[in-house]
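Single-structure report; data block below.
Bear in mind that the values in this text are calculations on the coordinates, not laboratory data. Here the structure is a predicted model, which means the values were calculated and not measured. With ideal geometry, Cβ positions are generated from the backbone for all residues, glycine too; neighbour counts draw on all protein chains shown.
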Amino acid sequence: MPQHGEIISNEILKDSYRKVVFYVPDIAAKTQPGQFVHVKIANLRDRILRRPFSICNVTPDGMLTVVYKVVGSGTEILAELPPGTVCDLMGPLGNPFTIGDDDELPVIVAGGYGSAATYLLAQRSPAKGILLLGARSSDDLILTEEFKSAGFEVRIATNDGSVGHHGLVTELVADVMRENPKRKMRFYGCGPFGMLMALGKMLTRGGMDGELSLDHLMCCGVGACFACVVKVKDESNADGWRYARTCKEGPVFQAHKVYYPEEN
Amino acid sequence: MTDLSIDLGKIQLKNPVMTASGTFGYGVEYADFFPLDQLGAVVVKGIRMEPSHGNPTPRVAEVSSGMLNAIGLQGPGVEKFLHGEEYMPFLRRSGATVIVNIWGKTVEEYREVAAALDADREGIAALEINISCPNVKEGGVAFGTDINLASQVISAVRGATSLPIITKLSPNVTSIADFARAAEACGSDMVSLINTITGMAIDVRTRRPKIANVTGGLSGPAIKPVAVRMVYQVYKAVKIPIIGMGGIMTGEDAVEFMLAGASAVAVGTAIFIDPMAPIKVIAGIREYMDEFGIKQVSELIGAVKV
Ligand SMILES: Cc1cc2nc3c(=O)[nH]c(=O)nc-3n(C[C@H](O)[C@H](O)[C@H](O)COP(=O)(O)OP(=O)(O)OC[C@H]3O[C@@H](n4cnc5c(N)ncnc54)[C@H](O)[C@@H]3O)c2cc1C
Ligand SMILES: Cc1cc2nc3c(=O)[nH]c(=O)nc-3n(C[C@H](O)[C@H](O)[C@H](O)COP(=O)(O)O)c2cc1C
Ligand code: FES
């Protein structure tokens with residue numbers, strides 16, 4: 001059921017990233033890490049569809065935080081909405097991440113808004129682990145202090161070398177694997193599609209598994225329109241794959257169930 | 001008391017509001033939002049003989065007051081639709097009036113799907129023939145834009161089932177009234193219109209089409225005036241009932257289609273914006289009837305004053 005969500009605050013987090021807090025107790029109470037809300041932004045005018053956003057954080061008093069990047073017409077309008085504005089939210093939608101046991105080291109691999117989408121996971125993980133954050137440059141690094149406060153170690157890779165490791169975030173994954181040969185680890189990924197494909201392949205090739213949050217352009221958000229699909233393995237199909245709806249069957253998928261084209 | 005029940009000849013509905021095929025999944029996706037039997041009918045996503053992958057992504061793009069889609073009719077195939085728990089068995093239990101949208105890549109496939117559904121017809125109120133898909137045998141020309149092919153499809157389906165059939169007309173033709181007349185002549189019990197209007201959108205930064213299929217179908221409020229005009233033209237051309245759709249967001253939009261000549265309406269893209277839209281449209285029609293003292297909803301059909 002769509003819910004009214006009043007904007008409590010809506011401010012700049014860093015550069016084009018913003019943080020909006022909605023008061024939506026019904027959704028906040030049900031939210032599990034990795035789920036998303038489908039937001040009908042107020043005053044959208046001739047832009048009519050809802051926009052999906054991962055839930056960054058929820059509090060027991062009914063607050064729900066979304067961290068978003070201003071990229072187009074909808075997020076531009078959202079950025080202008082003052083506190084007190086009411087939007088219409090559907091959620092929590094999608095399948096959540098699995099929270100690990102306290103003897104497992106959670107390793108979160110994130111890029112873009114991926115750190116926002118996994119912050120609640122870090123908070124709720126019984127064992128504190130490592131965030132491996134990839135970005136083009138230092139401008140795109142968000143929530144690093146918040147992850148540290150949640151007890152996570154933060155390691156960074158940037159394409160331009162402006163902060164941390166100069167290169168790809170997946171190279172940091174190899175380091176973590178080398179450093180912890182005996183430790184039980186649980187991998188999570190959320191970020192750009194290419195990064196998730198690289199991570200998924202690396203994990204499955206190494207005989208490991210993980211959970212990847214794969215999303216795609218959405219429309220209905222509840223599994224009805226088949227807009228948001230990605231390829232997953234399907235042995236019962238002659239092609240070896242089928243299109244799965246990320247809003248309904250995902251966004252979180254087991255890495256070994258995802259179809260990696262070059263391998264097949 | 002306002003009476004919303006409507007008689008479509010071969011089927012009777014408790015109210016004139018349906019869901020548009022492809023925008024309401026197979027019903028199960030929205031069952032948490034409201035009981036499906038509150039709708040006049042649930043029209044499910046297009047079904048063919050075999051399972052199909054559908055098109056590559058991106059499959060949708062938002063445009064001014066509407067959207068383009070080229071989903072490519074991803075679906076489970078008729079066997080799974082009839083027997084898979086989340087499809088027809090679920091719909092039968094829901095008590096909804098179910099209309100099954102069908103398609104094929106050849107005339108023969110249309111006939112086969114209709115026959116398969118006819119053989120297992122419990123809970124199916126009617127078939128809606130989607131003729132807007134390309135014919136593989138004729139090199140991809142859409143059945144719905146070639147009047148001979150369209151007639152062949154409708155006749156083939158007519159021959160395969162005694163279920164009521166609805167022909168869903170494509171707006172991508174010069175004279176939609178001609179296609180409606182052909183449908184009536186081939187034994188179609190109703191016509192529904194409009195399907196999406198072919199469109200295209202380009203990302204000017206990357207210079208690439210916004211959807212992978214290059215072109216897609218335009219739907220939503222942007223197409224409503226075109227749809228109302230076509231319903232009006234078809235109403236003057238045929239005697240069989242018309243199901244009108246295209247950009248309906250509110251009860252008043254639905255009334256507009258009925259005044260143009262529709263006996264029933266379908267809500268599509270609006271569901272993506274508000275899953276409760278079909279229920280709100282029903283309530284909106286009722287409010288309009290109360291305001292204007294209309295007792296039976298059929299009084300609205302074709303009542304535009306020109
Ligand atoms: C499950 C999920 C979770 C997301 N979580 C976040 C998040 O936490 N923070 C964040 O900044 N962004 C997130 N996104 C991306 C976000 O939805 C888009 O950036 C946003 O919709 C862009 O809207 P716009 O109107 O500004 O852009 P426009 O380009 O004007 O949007 C036009 C249309 O395209 C859709 N769209 C555009 N880009 C995307 C995209 N990358 N993914 C999905 N739909 C898109 C819009 O919803 C809209 O329908 C998420 C996307 C999904 C699918
Ligand atoms: C995502 C999407 C999928 C659709 N799939 C089908 C389909 O499977 N079969 C069909 O006959 N029409 C399909 N349609 C067309 C709709 O049923 C309807 O005719 C059209 O969208 C106009 O109505 P609207 O503006 O209210 O959406 C689809 C439309 C959309 C937006
Ligand atoms: S967005 Fe409609 S099926 Fe996922």
Amide H neighbours of B:D3 under 5 Å, counting only residues 5+ apart in sequence or on other chains, H built in-plane at 1.01 Å? B:Q296, B:V297
DSSP beta bridges in region B:157-306 [antiparallel fraction, %, rounded to 5]: 40 percent
What ranking, highest mean first, results for peptides B:10-19, B:82-91 when packing means the other Cβ atoms within 10 Å averaged over each residue? B:10-19, B:82-91
Positive-end extreme of charge dipole, region B:1-141 - chosen from B:G54, B:Q12, B:Y26 (charges on Cβ): B:G54
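To the nearest 20 debye, what is the magnitude of the charge dipole of the protein assembly as shown about its Cα centre, counting +1 on the Cβ of each Lys and Arg and -1 on the Cβ of each Asp and Glu?
Values: 55 positive and 62 negative charges, 144 e Å.
Roughly 700 debye for the protein assembly as shown.
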Quick one: what Rg and Dmax do you get for chain A from the alpha carbons, in Å? 18.1, 56
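Based only on Cα atoms, what Rg/Rh ratio does region A:87-153 have, Rh being taken as Kirkwood's radius?
1.01
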Rounded to whole Å and sorted largest first, list the principal axis extents of the Cα atoms in the protein assembly as shown. 76, 53, 46
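Once you order the gyration tensor axes a ≥ b ≥ c over the Cα atoms, which shape class does region B:31-174 get: rounded for a/c under 1.5, otherwise prolate or oblate by comparing a/b with b/c?
On the way: a/c = 1.62, a/b = 1.16, b/c = 1.40.
The shape class here is oblate.
When A:R186, A:R245 are ordered from fewest to most other Cβ atoms inside 10 Å of their Cβ, what list results? Walk me through the numbers before you get to the answer.
Details: A:R186 21, A:R245 25.
The most exposed by this proxy come first: A:R186, A:R245.
Determine the relative contact order of region A:133-260: mean sequence separation of Cα pairs under 8 Å and six or more apart, normalised by residue count, in whole percent. Mind showing how you got there, number by number?
Working: 192 pairs, mean separation 21.7, N = 128.
Relative CO of region A:133-260 lands at 17 percent.
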Could you grab the relative contact order for chain A? Cα pairs under 8 Å, six or more apart, rounded to a whole percent. 16 percent
Percentage relative contact order, region A:1-91, counting C-alpha pairs under 8 Å, at least six apart: 41 percent
Peptide B:53-61: average number of partner chain Cβ atoms within 10 Å per residue? 6
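Find how much the distance from A:E145 to A:R183 grows on full extension, using 0.36 nm per residue of separation minus their present alpha carbon separation; answer in nm with one decimal. Don't skip to the answer; put the middle values down first.
Numbers: separation 38, 0.36 × 38 = 13.68 nm, distance 2.55 nm.
Stretched fully, the A:E145-A:R183 segment lengthens by 11.1 nm.
Which of the peptides A:111-117, B:161-167 is most tightly packed, and how do the rest follow, judged by the mean count of other Cβ atoms within 10 Å per residue?
Numbers: A:111-117: 25.1, B:161-167: 21.4.
Descending mean neighbour count gives A:111-117, B:161-167.
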What is the Cα centroid distance between region A:154-228 and region B:267-287, reported in whole angstrom? 40 Å
Which percent, nearest 5, of DSSP beta bridges in the protein assembly as shown are antiparallel? 50 percent
